[in-house]
1. Quick check on the stretch 13-207: what does the Kirkwood estimate of hydrodynamic radius come out to from the alpha carbon pairs, in Å?
2. Say each of Arg135 and Ala72 gets a label point 7 Å from the Cα, pointing the same way as Cα to Cβ; how far apart are those two points in nm?
3. Write down, largest first, the equivalent ellipsoid semi-axes of the stretch 250-326 in whole Å, where each equals the square root of 5 times an eigenvalue of the alpha-carbon gyration tensor.
4. Could you state the orientation-averaged shadow area of the convex hull built on the Cα atoms of the stretch 131-175, in nm² to one decimal?
5. Whole-Å semi-axes of the stretch 1-114's equivalent ellipsoid, largest first, each the root of 5 times a Cα gyration tensor eigenvalue?
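Since every read-out is calculated from the coordinates, none of them should be taken as a lab result. Values in this document were obtained by computation on a predicted structure and should not be read as measured data. Cβ placement follows ideal geometry from the backbone for every residue including glycine, while neighbour counts extend to all protein chains displayed.
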Amino acid sequence: MFDEIVSTSQIEKALLCVDAATAQELAGRTVLGQSVLFHQIKLLERIGVGEIAIAVETIPAEYPGLVDRLRAEGMHVSLLRSGAEVAAYGQSAGLYLVQDAAIWASADILSGFMQCSAPVVAVLQEEPGWAAFERIDLNRRWAGIAVVDATLLKNSSALPDGWSLGSFLMRSALQAGYHDTMISGQAGTILLYRASAAAQSDLEMLARPKRATSGVVEAALGQVADKGLSVLGRHGWYRPLAQWTGATTAVLALVASIFQYITISYILAFISVVGLYWRRHLQSSEYRKEEPLWQSGAVIAILLATFAVLLSAETYIGDAIFHCAVAAGLLWLHQRSVQSRMSAELSPLVIVVLLLGGHLAGVAMWSVKLVIAAMLAALLVSQKLNPN
C-alpha cells in the first residue's frame, strides 16, 4: 500500500512553523483518525528527521498533549513560543529543514531536501494554480520549504510579536543570497492546507507515497480503509480489530475447513486476506514499519493449508496440494520480480476473491488453474518487458 522511505539524510533537525491563522485548525482537524499536525510530524520522522521543533506563538490546548504523546513514543519534539527560543534551537551548527506547517509536501519532495548539502529555498512558478501561496516576486512563490543554516535561526531573536516565522526565515534566506530551487508541482505532491480546507480534507491521503504496483482491487480496498479510519479510527476497538482480524480468521478458516464447513471456510479465508491488507494500512497510517515478513508468512501458510483442505473436498488431495504449492511459489516470485501493471493486478486479494467466486459457482478447481495460468503469463510478460 505505502512504500517505506529509506533516509540517506544529511539533515537531522526540522522546524515546523505554525502561524496564528492555522494553529487551531492544524491541531483540531483530524484525518485518518489523527490531527493534521500529527501527520506532519510523523512524516518528518519517517524521512529521517531526528529532532523536530514546532514554532507557534499562541499555543492551542491540544499541542502540549500531542507533544507529550510523541515524546512518550521516543520522538524528540518540542514547542518554541518566541523568537528567542527559535534562536536557542539554532545554536547547533549545521543545516535545518524549515517547513510551513500549513503546507503539505509529499515524502518524495521532503526527502529530496533532506539530502541537501547547502542552504536552499523551495519556490513555485508563478501561475494560477499556486495563487494561494506567498508571493516572492513577479515570477516566484514560496513553496513553504527551505533548508537554512544555524546563523539564520540565531537571527530570529529579534522577531516581534505577531511574527510569522516561516515568512521571516524565507525572506531572510533570500536576503542572505540563498539559491532557490523550483518544484514542479502536481496534484498530491505539494498542497496548501489553508487554501481550501474543506476541499483538501483528504490531502494527507493524497500526498503520502503509495505503492506504484497496487492493482485496482488493492487501490479500492485502500480507499475503503482510508474512509473507515477517518470515521472509526478514534475508537479504542478499531486498532486491535485491524491488527488481529487477518491472523484470527485464518486460523478459524483452517478449523472450519477441517470440519468440512467449506463455504464458511472460503468466506473466512477471504476476510483473512482483507485483514492482512487492513493491518498493513493501519501500520502505514501510523507511519510505522511493516511487520516482519515471517508474521505475514505464517498467516499465508495457514491459508494455503486451508485451501489444500478445501480443494481436497472437491478433487484429489494430491492435486490440491500441488496447485496450492504452485500458487504459493508464483506469489513469491510475483513479490520478488520487477513489477508490471499486469502482474500488479494479480494480487493475493484477487486470488482469494476468485477462489471464493469459483467455489460459489461450483468450479473452484478451474478458478485455481486459471489464476495460476494468468499469474504465470503476467510474470513472463513482466520479465520480458523488464529483462533486468
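1. Result for the stretch 13-207 stands at 16.7 Å.
2. 4.7 nm
3. 27, 13, 8
4. Working: hull surface 14.9 nm².
Reported value for the Cα convex hull: 3.7 nm².
5. Three semi-axes, in Å: 20, 19, 13.
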